[in-house]
Ligand code: ATP
Ligand code: MG
């Protein structure tokens, strides 16, 4: 299982991995830990991240950025319309009204849904992580703005599915940061003590997010969140570039806003200047060469000017800060620290406002850029069975109040708030209705004005197969409603409660054990939610005792821990399927009170879910398309790599032909080869610039046909003397043994003569081979092909040793000891060779399983890595 956290920012992404040593933020192929949220579609491939950003100006209409803001939105959405104006690529309306993107890919105009484009970016992050870990990445935790609504969250989950990632949790940016902050703190108050309250402020490129959190030892509770979803660093960039555009109009009579390329360049330079102004209050220059119509432009700005121009934006920062204080019911004095993260909190004026509102200097305990990704990786490690992380319970909140509406049988509209603003999440509630037939529940956000999304609709849930009870009256229908681990509203189950006739005591004939929701939930406990066991309390929900449409919480069935894994249940169809599949069949159940003899039957009801989400078919198509694009990218990469190999070979060979390889090629051949290399270089820039992979492979092969013998001669020249030397000393050694044998040396007097004759013969043959080859080689110039190869020499040496060594190394026979039975026995016992089978070897064999057993626990403990958090 991969343990990865991805921070998908509006401008930049970060990737963090959990390793045994702790959390590590990893770098991309450019050794940069920041990967721009940018996708560039090209004629032959698409690129993402740094390479895509590099094409922003050259491939302006097909380089996509700022798309995260369009996720889960309709084309007619006012936000999409407002964004569209600033985007150099084409935003289009899909048949279902969704916003999409039209761009040229592989030479044709193509339309892509926003989840598809986000998936392209996720593919890049996934591949970067895979390159770093060296294995496949599937499981991950993804960051999400804390203000995202249900539809936006579902769209991001769709994007994760398309990139074949298993998102274990969509984690609010600010909650991820709070986790990254709290889990390392050793001095948090004990659980029963007053918590430590910390405010987190994340101002990024396009949004401002705030959270108030309470920490106790091993526990993080988000008290409230707030946001300004349309206030970020890019708004500062626009203020600065607007000012310069006006100046250029007057000074140079050029309209920067009339050309997307020019505007992008101006925005990029304005952003650079903004960053410089964060550390320098002096007047600073902005210069752009050949800006428009070959005009070089220049202007100046200082921090004070910027603050004045951005005054309206800066003023907007206060509201969400004050809101979070009010919603969390914290006073300024209750806040122990204010932690800032996100690039835009580096602006001094932003820090000043934060200080003014909370009455204390903001702290930068965390890495401002990487904290979100690190928090996500920590959450992934907590959810992963392969890591042991310090116990840390996380309770988040819902950002907006949610109500359910339904029609009574009299066709009257009824409604009820099910989740208030800043309600604890994840959280399940059990609602009870009295109905005779299937009915719909509609979930909507209560306060559309407070919603940064034009449509408060969340979804419609149809509870099917509801029938009157056997007495012909309304049946009791229990519906579980839940804000799940992703912050998404779901309806995991519905069941009809049917009372069975009462039975006298003692005659209860083995009723099936009651499967309350509690036990059912426990079975399905999701790793991440397990730790939040205390979060899912039952709640009294304004019962409406109308026979037709009564709604109440049921105190007997308070869910404790529950799995509502939307990651596994990707689409409405899948949700529906799971709801029906899992609940086929009826359950006989007994009320929890043991004294009661009443029996009830729980009949699970299928639910139809209608939410804004891709269908399984759409997801499958998108997965297929993404797979094709990945394949295309790979093929193109291979093609480019083949081309680069030809280029590299040309440069490498041309240099070496006149240095290292000079004497290993004749002058005439060198000239011919050199010319061929020059021609190939020209070809690469002309006719061969855009060829198929095989053409480059063939070209390289034809060059190597000439080059390889040269390289070979050079290499042989290095290896051959050593090989001859080794062979020579082997011959020498055999000759020495033969001499000693001739002198009747007692070391070899046990070797039979006929054996020594074989040695003598072999020596003679090999010595002859050696002399002939050495002589032939000495006649040759270095640029001529060698008379003998080094590996041939080593083979001959080996052949000599194969014949001679067994003979000349034959051990002398041992001298027979005097005959003595006892001693003999002992001797045999001591001798390794003569060891009687059984007795001596037995204990060793017996030890083996013991050793294996001892190894077992070590292996087990290895499979679970302890993560070092300190
Ligand atoms: P979001 O959180 O809105 O989705 P993001 O996570 O991509 O976006 P960050 O990476 O946190 O955003 O911040 C990027 C923003 O911070 C950019 O607007 C960038 O210009 C700004 N920024 C970065 N460094 C500085 C600095 N030194 N001074 C001013 N602004 C800065
Ligand atoms: Mg961010």
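The values are calculated or read from the model by the stated rules, or taken from the named source; none is laboratory data. From a predicted model like this one, the values you see are computed outputs, not experimental measurements. Reconstructed Cβ throughout: ideal geometry from the backbone, glycine too, with neighbour counts over all protein chains shown.
Is it the case that some residue within segment 15-26 is outside any loop (DSSP other than H, G, I, E, B), within 16 Å of ligand 2 (Cβ to nearest atom), under 18 Å from residue 159 (Cβ atoms) and in contact (Cβ under 8 Å) with a residue 12 or more places away in the chain?
Initially, segment 15-26 is screened for residues outside any loop (DSSP other than H, G, I, E, B), giving 15-19, 22-25.
Then drop every residue that is not within 16 Å of ligand 2 (Cβ to nearest atom), which leaves 15-16, 25.
Now narrow it down to the ones that are under 18 Å from residue 159 (Cβ atoms): 15.
Still in the running and in contact (Cβ under 8 Å) with a residue 12 or more places away in the chain: 15.
Among the residues of segment 15-26, at least one is outside any loop (DSSP other than H, G, I, E, B), within 16 Å of ligand 2 (Cβ to nearest atom), under 18 Å from residue 159 (Cβ atoms) and in contact (Cβ under 8 Å) with a residue 12 or more places away in the chain, which makes the answer yes.
For segment 101-145, enumerate the residues that are farther than 18 Å from residue 59 by Cβ and surrounded by fewer than 20 Cβ atoms within 10 Å (Cβ to Cβ).
At the first step, the residues of segment 101-145 found to be farther than 18 Å from residue 59 by Cβ are 113-116, 118-119, 122-123, 125-145.
Residues satisfying the conditions are 127, 130, 131, 132, 133, 134, 135, 136, 138, 139.
Looking at 234, 303, can you tell me which residue is over 37 Å from the mean Cα position of the chain (by Cα) and within 15 Å of ligand 1 (Cβ to nearest atom)?
Within the list 234, 303, the selection yields 303.
Of all residues in segment 761-778, count the ones that are surrounded by 16 or more Cβ atoms within 10 Å (Cβ to Cβ) and more than 60 Å from the chain's Cα centre (by Cα). Don't jump to the end; show me each part of the working.
Restricting attention to segment 761-778, the residues satisfying the condition of being surrounded by 16 or more Cβ atoms within 10 Å (Cβ to Cβ) are 762-763, 766-767, 769-770, 773-774, 777.
Next, from what is left, pick out any that are more than 60 Å from the chain's Cα centre (by Cα): 762-763, 766-767, 769-770, 773-774.
Number satisfying all stated conditions: 8.
Given the options 462, 467, name the one that is without any contact (Cβ under 8 Å) to a residue 40 or more places away in the chain and in the same structural domain as residue 604 (by TED's automatic domain parsing).
Values: 462 fails: without any contact (Cβ under 8 Å) to a residue 40 or more places away in the chain.
Unique residue meeting the criteria: 467.
If residue 342 satisfies all but one of (1) within 13 Å of ligand 1 (Cβ to nearest atom); (2) crowded, with 20+ Cβ neighbours inside 10 Å; (3) more than 20 Å from residue 145 (Cα to Cα), what's the number of the condition it fails?
Among (1) within 13 Å of ligand 1 (Cβ to nearest atom); (2) crowded, with 20+ Cβ neighbours inside 10 Å; (3) more than 20 Å from residue 145 (Cα to Cα), residue 342 violates only (3).
Output the residues belonging to segment 1-14 that are within 16 Å of ligand 2 (Cβ to nearest atom) and in a loop (DSSP other than H, G, I, E, B).
Keep residues of segment 1-14 that are within 16 Å of ligand 2 (Cβ to nearest atom), which gives 5-14.
Passing the criteria: 9, 10, 11.
Can you say whether residue 321 is touching a residue at least 12 places away in the same chain (Cβ under 8 Å), within 23 Å of residue 66 (Cβ to Cβ) and in a helix (DSSP H, G or I), as far as the supplied structure shows?
On the way: touching a residue at least 12 places away in the same chain (Cβ under 8 Å): yes; within 23 Å of residue 66 (Cβ to Cβ): no; in a helix (DSSP H, G or I): yes.
No, not satisfied.
Those residues that are in contact (Cβ under 8 Å) with a residue 24 or more places away in the chain and farther than 15 Å from residue 413 by Cβ, I need them from segment 432-448; list them, please. Outline the logic, then answer.
Taking segment 432-448 as the starting set, the residues that turn out to be in contact (Cβ under 8 Å) with a residue 24 or more places away in the chain are 432-447.
If the condition is that a residue be in contact (Cβ under 8 Å) with a residue 24 or more places away in the chain and farther than 15 Å from residue 413 by Cβ, then 432, 434, 435, 436, 437, 438, 445, 447 are the ones that fit.
Pick out the one residue from 355, 351, 360 that is loosely packed, with under 15 Cβ neighbours inside 10 Å and not in a strand (DSSP E or B).
Numbers: 351 fails: loosely packed, with under 15 Cβ neighbours inside 10 Å; 360 fails: loosely packed, with under 15 Cβ neighbours inside 10 Å.
Checking each option against the conditions leaves just 355.
(1) within 16 Å of ligand 1 (Cβ to nearest atom); (2) in contact with a strand residue (DSSP E or B) (Cβ under 9 Å, 6 or more places away or on another chain); (3) modelled with pLDDT under 95: which one isn't true of residue 1, the others all being true?
(1)
Six or more apart or on different chains, Cβ under 7 Å: which pairs go from a residue in segment 679-696 that's over 11 Å from residue 643 (Cβ atoms) to one that's crowded, with 16+ Cβ neighbours inside 10 Å? Could you list them?
These pairs meet every condition: 680/646; 680/650; 680/699; 680/703; 681/650.
Within segment 189-224, take every residue that is part of a strand (DSSP E or B) and either out of contact with any strand residue (DSSP E or B) (no Cβ under 6 Å at 6 or more places or on another chain) or not assigned by TED's automatic domain parsing to the domain that holds residue 174 (or both) and give me the one that is nearest to ligand 1 (Cβ to nearest atom). Steps first, please.
Initially, segment 189-224 is screened for residues part of a strand (DSSP E or B), giving 196-203, 208-216, 219-224.
With either out of contact with any strand residue (DSSP E or B) (no Cβ under 6 Å at 6 or more places or on another chain) or not assigned by TED's automatic domain parsing to the domain that holds residue 174 (or both) added as a condition, the list becomes 203, 216.
Values: 203: 7, 216: 28 Å.
If we take residues in segment 189-224 being part of a strand (DSSP E or B) and either out of contact with any strand residue (DSSP E or B) (no Cβ under 6 Å at 6 or more places or on another chain) or not assigned by TED's automatic domain parsing to the domain that holds residue 174 (or both), then 203 is nearest to ligand 1 (Cβ to nearest atom).
Among the listed residues 170, 223, which satisfies the condition of being within 17 Å of residue 321 (Cβ to Cβ) and away from ligand 2 (no atom under 13 Å from the Cβ)?
On the way: 170 fails: within 17 Å of residue 321 (Cβ to Cβ).
Of the residues listed, the single one that is within 17 Å of residue 321 (Cβ to Cβ) and away from ligand 2 (no atom under 13 Å from the Cβ) is 223.
Please work out which residue is surrounded by the most Cβ atoms within 10 Å (Cβ to Cβ), limiting yourself to segment 459-490 and to residues that are in contact with a helix residue (DSSP H, G or I) (Cβ under 8 Å, 6 or more places away or on another chain) and under 18 Å from residue 434 (Cβ atoms). If you could, list the steps in order and put the result at the bottom.
Residues of segment 459-490 that are in contact with a helix residue (DSSP H, G or I) (Cβ under 8 Å, 6 or more places away or on another chain), as a first pass: 459, 478, 480, 485-490.
Next, from what is left, pick out any that are under 18 Å from residue 434 (Cβ atoms): 478, 480.
Numbers: 478: 21, 480: 23.
Ranking the candidates gives 480 first.
Just to be sure I understand, how many residues within segment 331-348 are away from ligand 2 (no atom under 16 Å from the Cβ) and in contact with a helix residue (DSSP H, G or I) (Cβ under 8 Å, 6 or more places away or on another chain)? Can you show your working first?
Just the residues of segment 331-348 that are away from ligand 2 (no atom under 16 Å from the Cβ), to begin with: 331-338, 348.
Applying the additional criterion that residues be in contact with a helix residue (DSSP H, G or I) (Cβ under 8 Å, 6 or more places away or on another chain) yields 331-332, 335, 338, 348.
Summing the residues that are away from ligand 2 (no atom under 16 Å from the Cβ) and in contact with a helix residue (DSSP H, G or I) (Cβ under 8 Å, 6 or more places away or on another chain) in segment 331-348 gives 5.
Can you tell which of 383, 330, 404 is within 31 Å of the chain's Cα centre (by Cα) and more than 16 Å from ligand 1 (Cβ to nearest atom)? Spell out the reasoning first.
Working: 330 fails: within 31 Å of the chain's Cα centre (by Cα); 404 fails: within 31 Å of the chain's Cα centre (by Cα).
After applying the criteria, what remains is 383.
Going residue by residue through segment 368-387, is there one that turns out to be more than 27 Å from residue 12 (Cβ to Cβ) and away from ligand 2 (no atom under 16 Å from the Cβ)?
Quick first cut of segment 368-387, residues more than 27 Å from residue 12 (Cβ to Cβ) only: 385-386.
Narrowing the set further to residues that are away from ligand 2 (no atom under 16 Å from the Cβ) leaves 385-386.
Checked against the condition, which is being more than 27 Å from residue 12 (Cβ to Cβ) and away from ligand 2 (no atom under 16 Å from the Cβ), segment 368-387 yields at least one hit.
If residue 230 satisfies every condition in (1) in contact (Cβ under 8 Å) with a residue 60 or more places away in the chain; (2) assigned to a helix (DSSP H, G or I); (3) within 16 Å of ligand 2 (Cβ to nearest atom); (4) surrounded by fewer than 21 Cβ atoms within 10 Å (Cβ to Cβ) but one, which is the exception?
Every listed condition holds for residue 230 apart from (2).
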